[in-house]
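Data block below; observations after.
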Amino acid sequence: MSIVRESDLIGIGKKYQIETEAGDNMVVVIHDDGRRELYRHEDEDNETHCVMTLSDEESRQVAGILGGLSYKPKALETIEVALDDLRIEWYKVGSSNDGVNKSIGELEVRQRTGASIIAAIREDETIINPGPDYVIQPGATLVIAGKLKNIKLLKEILL
């Protein structure tokens with residue numbers, strides 16, 4: 001697990017110093033205006049060098065990419081992420097599933113299960129936070145968030 005140190009930058013925003021498992025050192029500065037700056041810390045000269053500056057929107061896009069919302073390596077297809085009681089799971093929809101070709105609203109996903117579909121990935125298309133009109137297609141990978149029991153109920157509806 002990486003080490004993250006957080007500090008306030010008065011009048012600027014927040015600074016996060018990150019030391020990765022691989023031994024890399026990075027600094028992320030989040031400005032109050034939404035900009036993000038990424039710095040790489042070089043051990044030999046004890047200086048940080050700005051690698052890039054991102055707008056708020058660009059930062060969120062990169063976060064989605066890094067977080068696996070647009071592509072998940074094949075080896076991680078059944079990965080689960082747990083944050084206290086909240087779990088995030090990837091679920092690949094089969095062609096014979098009962099939930100196929102039905103909308104999220106028609107299945108009453110949130111009302112019946114308490115879980116949320118936070119993204120739907122199919123080939124080159126990623127839909128973040130699909131609405132009730134989104135129709136679940138065979139072969140799509142759904143990113144599901146909720147408590148374990150809620151996710152289990154959602155999977156039962158989709159089967």
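Per residue, the accessible area of the chain comes to 65 Å², computed with a 1.4 Å probe over protein heavy atoms only. The length gained on full extension between D32 and R110, counted as 0.36 nm times the residue separation minus their Cα-Cα distance, comes to 24.7 nm. Only DSSP H runs of four or more residues enter the estimate; each adds -39500 (n - 2.57), and after division by the residues of the chain the mean residue ellipticity at 222 nm equals -5000 deg cm²/dmol.
Between R5 and K102, the distance separating the two model label sites (each 7 Å from Cα on the Cα→Cβ line) works out to 5.3 nm.
Report the paramagnetic label zone for L86: residues of the range 115-159 whose backbone N is under 18 Å from a point 7 Å from Cα along the Cα-to-Cβ axis. Taking a point 7 Å out along Cα→Cβ of L86, the residues of the range 115-159 whose backbone N falls under 18 Å are 115-120, 128-130, 143-152. D32: net charge of surrounding residues, Cβ under 14 Å, Lys/Arg +1, Asp/Glu -1, itself excluded? Result for the neighbourhood of D32: 0.
Summing Cβ point charges (Lys, Arg +1; Asp, Glu -1) relative to the Cα centre of the chain gives a dipole of roughly 1000 debye. Taken one residue at a time, the phi angles of the range 51-61 give Karplus couplings (6.51, -1.76, 1.60, θ = phi - 60°) of 8, 6, 10, 10, 6, 4, 5, 4, 4, 5, 5 Hz. Gly and Pro are set to x. For the range 93-143 versus the range 21-35, the spacing of their alpha-carbon centroids is 34 Å.
Available extension along the chain between E19 and I65 is 14.5 nm, counting 0.36 nm per residue and deducting the alpha carbon span. Given q = 0.17 Å⁻¹, what are the Debye log10 I(q)/I(0) values for the range 82-159, with equal point scatterers placed on the Cα positions and solvent ignored? So the normalised log intensities work out to -0.56.
The values are calculated or read from the model by the stated rules, or taken from the named source; none is laboratory data. Note that the structure is a prediction, hence the values are computed from the model and not measured. When we count neighbours, we look across all protein chains shown, and the Cβ atoms used for this are built from the backbone with ideal geometry, even at glycine. Just the protein is used for accessible areas: all its heavy atoms, side chains included, with ligands, DNA and RNA removed. Shrake-Rupley method; radii C 1.70, N 1.55, O 1.52, S 1.80 Å.
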